[in-house]
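Notes follow once the structure below has been shown.
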Amino acid sequence: MSDAESPQSDSAKRDEMPWPSPFQSYYSLFVLTIVVMFTVLDRQILALMIDPIKDDFHISDTQAALLIGAAFSLTYAIAGLPIARFADQTNRRNLIAGCLAFWSTCTMACGIAQSYAGLILARIGIGMGESGYGPATWSIVTDSFPRERVAFATGTLGIGAQAGIGLASLAGGAVLALVSHFPPMDIGPFGVIRPWQWAFIIVGLPGLLWTIAVLSFKEPARRGLAVGAKPKTVPVGEVGRWMKKDWRSYLAVMGGSCMKTLLAVGPSTWGATFLHREFDWSLAQAGIVTGTVTLLVSPFALILGGKLSEHWLKQGRPDANIRIVLYGLIAAVPIYAVTPLLGNPWLVVIGNGVATFVGTLGFGPGIAAFQLITPSVMRAQVSSIHQFANNVIAFMLSPLIVALFTDFLFKDEGALKYSMSLNALLMGSLAIVITWQGVKPYGRSYERAVRDQL
C-alpha cells in the first residue's frame, strides 16, 4: 500500500456519514463502560486472594504470579488476534455479549476450583473470554463519536477499568471480611467452597446478567465504508505493512503503553499483599482502603485526560494524545518508585493514589491515539496487537518480575517493597524513553489520518 493510498480510498469519506444519535452513542458507551468494569474486576479480584490461595494450595509467590499473569494473559493474547479478525467483519455487539457471558461463567468457576490446576484452567477460560471485548469495544466507540471526542469516550471506558480495579479490592475486601469466619461449604462431589472463593462467585454472576444490557444497544455503522458495503477482511500481512510504515508511532503508543502497564500492574497486583506483609494490615482492610482510593481518584483523572486531549486537538496540536501519555509517565514514575519505601501505610496509600491519578491521565488518550491513526477496516486487528503486547509482556510479566525479584534477588518475602520499587524504576524509565521517541512521528501520523479521513 503506497503512502498516497488509504484502505478506504474508494469508499465514502468518514465525515460524510451520519453519526449515531447522542442517545445511542452515550447509551452504548455506558453499557460498554460497565462491561470494561467487569472485565477488570473479574481478572483483578484474584490479586487480593494471593495469601489465602498460597495457604490453601501451598504455592510460592512465583506460582501465584503465574496464576495471576501467564494463565490469563497468554490465552488472552493468543485468542485475541483471531477473535479481532472476526470483530472486523461481524456484529461487534453480539461478540461482546458472548464473550462477557463466557468469562463471567469462568470467573464463577474459580469459586469452586479445588486445586491450583483448577484455578489455572478457570483463569485460562477468563483470558479466552476477555480477549474479544477490547478490539470490538474500542471499534464501536471510535465509530460512535467524532475524532476529537474519541479520547473522552475511551477515557470514559477507562472509568470502567479503574472502577473494576477499585471494586476488585473494595468488594474483595468486603467479602473477605464478611466470610472470614465462615466454615468451608461442602458441595458434594465438587468438593468444598472455601471462604475466599465466595468473592469469585459474587463478582461473576452480575457480569453474566449484564449480557442482556449489551444486547440492548444498537450496533453503529462502520465509518469509512460505502453506504451498504460490508466490511472486508484485511489480511494480516497488510495490517503488518501498515504498522511498519508508521512503526515509530505505533511503538510509542503501544510499546509505551505496554511498559506503562508493567510499571502500574506491580502496585495494583501486589499492593494489598504489601500492606498486609509490611504493616500487618488485614487483607480486608487493605482491599477496602486501596479500592476506595482508586474509585475516588481515577474518574477525575480519566475525565481530565479526555478533556485535555479534546482541548489540545481543537487547538491544532496533532500530538496531543501521545504528549498527555508522556507527561503523565514523567510525573508518575518517581512517585511509584519512592512510595513502597515510605515507612507509613497511609503515606503509601496516598503516594499510590497520587501516582494513579497522574498516570491515569493518559489512559483515554493512549487508547484513542492508535485508534485514530488506524483505518477502520483493520482497527480491531491493530487493537488485538495492542492487547497482545499488554497481556503477554505486561500483565503476564509484571506480577512475575516483582515475584522473581522477591524470591530470587532479595530472597525474602519481607523485601517486597524493594521489588516493587525496582520494578517501577526499570519499567518506568523504559516507558518514558519509548514514548518520547515517537512524539513527533505520531504527530505526522495523526495529520495524515485527518487528511485521508481514516
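Data table
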item	result
Residue check, Pro184 touching a Lys or Arg at 6+ places or on another chain (Cβ under 6 Å), at pLDDT below 85 and closer than 30 Å to Asp55 by Cβ	yes
Positions within the stretch 246-287 being within 24 Å of Leu397 (Cα to Cα), among the acidic types (Asp, Glu) and either free of Cβ contacts under 8 Å to residues at least 24 places away in the same chain or touching a strand residue (DSSP E or B) at 6+ places or on another chain (Cβ under 7 Å) (or both), in sequence order	none
Residue ID - farthest from Gly287 (Cα to Cα), chosen from residues in the stretch 16-64 that are more than 22 Å from the chain's Cα centre (by Cα) and among the small types (Gly, Ala, Ser)	Ser21
Residues (in contact with a Ser or Thr (Cβ under 9 Å, 6 or more places away or on another chain), of a type outside the set (S, T, N, Q) and touching a residue at least 60 places away in the same chain (Cβ under 8 Å)) located in the stretch 99-113	Leu100, Ala101, Trp103
Residue match in the stretch 89-97 (condition: within 30 Å of Phe23 (Cβ to Cβ), free of Cβ contacts under 8 Å to residues at least 60 places away in the same chain and under 20 Å from the mean Cα position of the chain (by Cα))	yes
Elements of type helices (runs of 4 or more DSSP H) in the stretch 242-328, at least 3 residues being farther than 26 Å from Ala403 by Cβ	247-250, 283-314
Residue within the stretch 388-409 that is in contact with a Gly (Cβ under 8 Å, 6 or more places away or on another chain), surrounded by fewer than 24 Cβ atoms within 10 Å (Cβ to Cβ) and under 21 Å from Gly328 (Cβ atoms) present	yes
Subset of the stretch 80-97 that is surrounded by 21 or more Cβ atoms within 10 Å (Cβ to Cβ), within 21 Å of Arg43 (Cα to Cα) and out of contact with any Leu (no Cβ under 8 Å at 6 or more places or on another chain) - its residue that is modelled with the highest pLDDT	Leu95
Residue that is surrounded by the fewest Cβ atoms within 10 Å (Cβ to Cβ) [pool: residues in the stretch 23-42 that are modelled with pLDDT of 85 or more and among the hydroxyl-bearing types (Ser, Thr, Tyr)]	Tyr26
Test: residue in the stretch 426-447 that is in contact with a Phe, Trp or Tyr (Cβ under 7 Å, 6 or more places away or on another chain) and either surrounded by 18 or more Cβ atoms within 10 Å (Cβ to Cβ) or part of a helix (DSSP H, G or I) (or both)	yes
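One line per residue, one yes/no per condition, for (1) within 18 Å of the chain's Cα centre (by Cα); (2) crowded, with 21+ Cβ neighbours inside 10 Å:
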position	(1), (2)
Ala331	no, no
Pro334	no, no
Thr339	no, yes
Leu347	no, no
Gly351	no, no
Val354	no, no
Pro365	yes, yes
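Quick grid of which residues meet (1) without any contact (Cβ under 8 Å) to a residue 12 or more places away in the chain; (2) surrounded by 22 or more Cβ atoms within 10 Å (Cβ to Cβ); (3) assigned to a helix (DSSP H, G or I); (4) polar (S, T, N, Q):
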site: Arg149; (1), (2), (3), (4): no, no, yes, no
site: Gly158; (1), (2), (3), (4): no, yes, yes, no
site: Ile165; (1), (2), (3), (4): no, yes, yes, no
site: Ser169; (1), (2), (3), (4): no, yes, yes, yes
site: Gly173; (1), (2), (3), (4): no, yes, yes, no
site: Ala177; (1), (2), (3), (4): no, no, yes, no
site: Trp198; (1), (2), (3), (4): no, no, yes, no
site: Ile202; (1), (2), (3), (4): no, no, yes, no
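The values are calculated or read from the model by the stated rules, or taken from the named source; none is laboratory data. Please read all numbers here as calculations on a predicted model, not as lab measurements. We place every Cβ from the backbone using ideal geometry, glycine too, and count neighbours over all the protein chains shown.
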